[in-house]
Amino acid sequence: MTKKEIIIQEATRLFASKGFKGTSMAELSKLTTVAEGTIFYHFKTKEDIFLTILERVKNGIIEEFDAYIQHKSFDDPMEMLEDVISFYLYLVGKNEDWFRILNHPFSYDLALNNSVCRDQLEAIYNCLVDIFENAVSLILNDPPLESIQKRKTALIIFSMVNGIIWFKLHHLYDAGALFQELLACCRKILQNP
């Protein structure tokens with residue numbers, strides 16, 4: 001693993017656990033055994049490290065979902081949505097640091113003043129909502145609805161799933177314990193568009 005990769009890996013862990021402000025370059029240097037000067041050789045600023053992590057999160061989510069969906073076939077559209085929800089919950093567990101960063105207020109505080117950060121966050125969430133929308137669109141094709149209604153429905157369902165993930169990441173409630181109820185709510189939403 002290159003020094004740059006080691007820096008990104010440890011920075012991801014630190015940002016996820018301590019936040020942006022709580023992560024110091026001195027601590028990152030100590031954990032990676034990479035001199036601070038070398039860190040700043042690879043990345044101009046701490047923000048640059050964070051933006052690189054967001055780009056990797058986005059690419060990782062896309063790669064994981066693409067690999068998963070490629071090898072799946074679905075008997076009906078609702079099964080596809082259920083699998084997307086299930087895989088999303090799995091992905092959060094597998095890459096918890098990614099989702100801690102995405103669900104931490106510092107990401108949005110930084111996005112207020114940094115357009116690149118805002119663009120990255122929008123791209124990540126658009127990617128996730130697109131995945132949900134693909135499944136929702138198949139379900140809502142009969143009767144056909146306008147694209148905007150499908151997008152909004154997908155956004156509502158994604159927000160509901162992501163809210164449960166927020167509980168899990170903050171150790172408030174086990175997301176898996178609500179899985180069946182979550183699917184039942186999605187079915188109700190999609191039966192009465």
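The numbered conditions (1) buried (at least 20 other Cβ atoms within 10 Å of the Cβ); (2) of a type in the set (S, T, N, Q); (3) without any contact (Cβ under 8 Å) to a residue 60 or more places away in the chain; (4) under 30 Å from K18 (Cα atoms) are all true for S159 except (1). Only one entry in T52, T2, T38, T12 is at pLDDT 95 or above, not basic (K, R) and not assigned by TED's automatic domain parsing to the domain that holds L91, namely T12. Checking each residue in the range 52-68 for being among the hydrophobic types (A, V, I, L, M, F, W, C) and buried (at least 17 other Cβ atoms within 10 Å of the Cβ) picks out I53, L54, V57, I61, F65.
Which of the residues that make up the range 157-193 are under 23 Å from I139 (Cα atoms) and in contact with a Phe, Trp or Tyr (Cβ under 8 Å, 6 or more places away or on another chain)? Matches in the range 157-193: I157, F158, V161, I164.
Of the helices (runs of 4 or more DSSP H) lying entirely inside the range 24-135, those containing at least 1 residues that are under 22 Å from the mean Cα position of the chain (by Cα) and on the phi < 0 side of the Ramachandran plot are 46-70, 77-94, 96-102, 105-113.
P105 - would you say it is exposed (fewer than 15 other Cβ atoms within 10 Å of the Cβ) and outside the structural domain of F20 (by TED's automatic domain parsing)? Criteria met by P105.
The values are calculated or read from the model by the stated rules, or taken from the named source; none is laboratory data. Being a predicted model, the structure only gives us computed values, none of them experimental. For neighbour counting, all protein chains shown are included, and Cβ atoms are generated from backbone atoms with ideal geometry for every residue, glycine included.
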